[in-house]
Amino acid sequence: NVQMTVPADHVVGATGECQNYAQTLDASHFARWQKAQSTKEPLQIFTLDEATKAEIQKSTTTKTWIFKANMVRDFAWTSSRKFIWDAMPAYVEGKKIMCMSFYGKEAYGLYSKYSTKIVAHTIKSYSHFTIPYPYPVAQSIEASNGMEYPMICFNFGRTEKDGTYSEATKNGMIGVIIHEVGHNFFPMIVNSDERQWTWMDEGLNTFCEYLSEELYDNKFPS
């Protein structure tokens, strides 16, 4: 159980399920969150326009976000007034997992198209090849590199200033999202000692990453 008190205009993502969206989100954003529970495509809870405006008007008050997670070995979180946030559900053996992405406008052209869909694809693919994903949430956060934590990971993938991007950048982003989301299974869920038995962590994950990339696109440059 973790509480983070941040500026009131920030959007927060973290390991676990948020316990108080009804208090931290205004009525329109909370309605979008509720609508996202049953959408077939990623639904933007905070939009590009809203994130761009939030950069200018900085809040002087605070809000406290509360997150709860069961059966995790680590915790990470992210907070920014500049976040675009989208979400959609994925289903594993009848259980709903909320797949989400948080990203800045500099990554919009890539993340809005691919990130959350890749999160959902990865959760379903790894659950098929290994064990069913037990957590209620899976998140991809745009960052400068790739790093994994339970239910949340950080991945690169920004466009050029004019919004364009190369195939190499797109495929690199897709690959790192699959890989970092995949680390939920190895080592997070199985709880192997990744310092002592690196092959069980990176080896098994990279193998399953390849299978997931093949399922996504059988011409993917793995």
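Couple of notes before you dig in:
- Evaluating 6.51 cos²θ - 1.76 cosθ + 1.60 at θ = phi - 60° for every residue in region 82-91, the Karplus couplings come out as 9, 6, 8, 9, 10, 7, 7, x, 10, 10 Hz, glycine and proline recorded as x.
- Backbone amide hydrogens, once placed in the peptide plane, bring Asp9 within less than 5 Å of Ser59, excluding anything fewer than 5 places away on its chain.
- Listed pairs Lys95/Lys161; Lys53/Lys124; Lys82/Lys124; Lys95/Lys117; Lys35/Lys219; Lys35/Lys63 exceeding 28 Å between Cα atoms: Lys95/Lys161; Lys53/Lys124; Lys82/Lys124; Lys35/Lys219
- Measuring nothing but protein heavy atoms, the accessible surface of region 133-222 at 1.4 Å probe radius is 55 percent carbon and sulfur.
- Extension reserve of the Glu55-Val72 stretch, reckoned as 0.36 nm per residue once the Cα distance is removed: 2.8 nm
- At R0 = 35 Å, FRET efficiency that the Cβ-Cβ distance of Ser166 and Lys35 yields, to 0.05: 0.55
- Legend: calculated FRET efficiency, Ala8 to Ser144, from the Cβ-Cβ distance at R0 = 22 Å, rounded to 0.05, equals 0.25.
- Set of aspartates and glutamates with alpha-carbon distance to Lys58 below 20 Å, sequence-local pairs under 8 removed: Asp9, Asp26, Asp49, Glu50, Glu106
- Carbon and sulfur %, accessible surface of region 1-109 computed with the full protein complex present, 1.4 Å: 51
- Which labelled figure in [x] 0.98; [y] 1.08; [z] 1.41 is Cα Rg over 2.2 N^0.38 Å, once derived from the coordinates: [x]
- Per DSSP, loop GluC sites (Glu not before Pro) in region 185-221 with at most 13 further Cβ within 10 Å: none
- Among the trypsin sites (Lys or Arg not before Pro) found in region 1-88, those both in a DSSP coil and sparsely packed, with 15 or fewer other Cβ atoms within 10 Å of their Cβ, are Lys40, Lys58, Arg73.
The values are calculated or read from the model by the stated rules, or taken from the named source; none is laboratory data. All values derive from a computational prediction rather than experimental measurement. Positions of Cβ are backbone-derived with ideal geometry, glycine not excepted, and every protein chain shown enters the neighbour counts. In case anyone asks, the SASA skips ligands and DNA or RNA and just uses the protein heavy atoms, side chains included. Shrake-Rupley method; radii C 1.70, N 1.55, O 1.52, S 1.80 Å.
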